[in-house]
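Please read the structure below before turning to the comments.
The values are calculated or read from the model by the stated rules, or taken from the named source; none is laboratory data. Since we're looking at a predicted model, the values are computed, not measured. We place every Cβ from the backbone using ideal geometry, glycine too, and count neighbours over all the protein chains shown. We work out accessible area using only protein heavy atoms, side chains counted, and drop any ligands, DNA or RNA first. Shrake-Rupley method; radii C 1.70, N 1.55, O 1.52, S 1.80 Å.
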Amino acid sequence: NLFTSFNGDFLPTNLKSLTLIGNPFTSYSDIINLPENLKTLVIGSLTVESNDLSGLELPEGLKSFTLGVTTATEEDLATLNIPPNLKKLILSRNNISTLDGIELPSSLRRLELDHNNFTKAEKRKTRRRFRKENPKLRIKF
């Protein structure tokens, strides 16, 4: 589809999953009013002018979030307000090279970072850090 903005007001309040792929949004703040009961959100292959994620308001009860096939970097990721009860975070096929300074919720159980710009040393450092902070977290590079 070719949504240039997305207002979730027209969606059913009991919607559990939403996928937005290939939309020509100007920025992530063009995605508004996502249903509070949403559990899974997939955003990918977007053509955005700005990767600032601070305007993207994720529902507090979200359990799985995918942001893939974008040009998002760790600086962009640092602006994202990650829900406290998120269990799965998929950040595949972006331009992320480190998670230094990024706080992840302790509820997180799966983190996918494949096809990014991590060096071998950065992968080791990231695994060590998050194993210590969250032993139940599985990380895929």
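Only one of VAL48, VAL69, VAL42 is in contact with a helix residue (DSSP H, G or I) (Cβ under 8 Å, 6 or more places away or on another chain), more than 17 Å from LEU137 (Cα to Cα), open to solvent by 20 Å² or more (accessible area, probe 1.4 Å) and of a type outside the set (D, E, K, R). Can you tell me which? Walk me through how you get there before you give the answer.
Working: VAL69 fails: in contact with a helix residue (DSSP H, G or I) (Cβ under 8 Å, 6 or more places away or on another chain); VAL42 fails: in contact with a helix residue (DSSP H, G or I) (Cβ under 8 Å, 6 or more places away or on another chain).
Of the residues listed, the single one that is in contact with a helix residue (DSSP H, G or I) (Cβ under 8 Å, 6 or more places away or on another chain), more than 17 Å from LEU137 (Cα to Cα), open to solvent by 20 Å² or more (accessible area, probe 1.4 Å) and of a type outside the set (D, E, K, R) is VAL48.
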Name the single residue that is nearest to ILE43 (Cα to Cα) among those in the range 83-115 being among the polar types (S, T, N, Q) and open to solvent by 30 Å² or more (accessible area, probe 1.4 Å).
ASN95
Inside the range 21-34, can you point out the residues that are open to solvent by 30 Å² or more (accessible area, probe 1.4 Å) and either within 25 Å of PHE118 (Cβ to Cβ) or among the small types (Gly, Ala, Ser) (or both)?
ILE21, GLY22, SER29
(1) open to solvent by less than 80 Å² (accessible area, probe 1.4 Å); (2) under 26 Å from THR73 (Cα atoms): which one isn't true of ASN37, the others all being true?
(2)
When you look at GLU74, is it in contact (Cβ under 8 Å) with a residue 12 or more places away in the chain, open to solvent by 50 Å² or more (accessible area, probe 1.4 Å) and out of contact with any Gly (no Cβ under 6 Å at 6 or more places or on another chain), yes or no?
no
The range 56-76, residues that are modelled with pLDDT under 95, out of contact with any Ser or Thr (no Cβ under 9 Å at 6 or more places or on another chain) and of a type in the set (A, V, I, L, M)
ALA72
Which one of these does ALA121 not meet: (1) over 21 Å from THR4 (Cβ atoms); (2) among the hydrophobic types (A, V, I, L, M, F, W, C); (3) surrounded by 15 or more Cβ atoms within 10 Å (Cβ to Cβ)?
(3)
Odd one out for PRO105, checked against (1) under 25 Å from PRO59 (Cα atoms); (2) modelled with pLDDT under 95:
(2)
The number of residues in the range 22-48 that are within 14 Å of THR71 (Cα to Cα) and out of contact with any Phe, Trp or Tyr (no Cβ under 7 Å at 6 or more places or on another chain) is 10
Within the range 1-39, can you find the residues that are modelled with pLDDT of 90 or more, in a loop (DSSP other than H, G, I, E, B) and hydrophobic (A, V, I, L, M, F, W, C)?
LEU11, LEU15, LEU34, LEU38
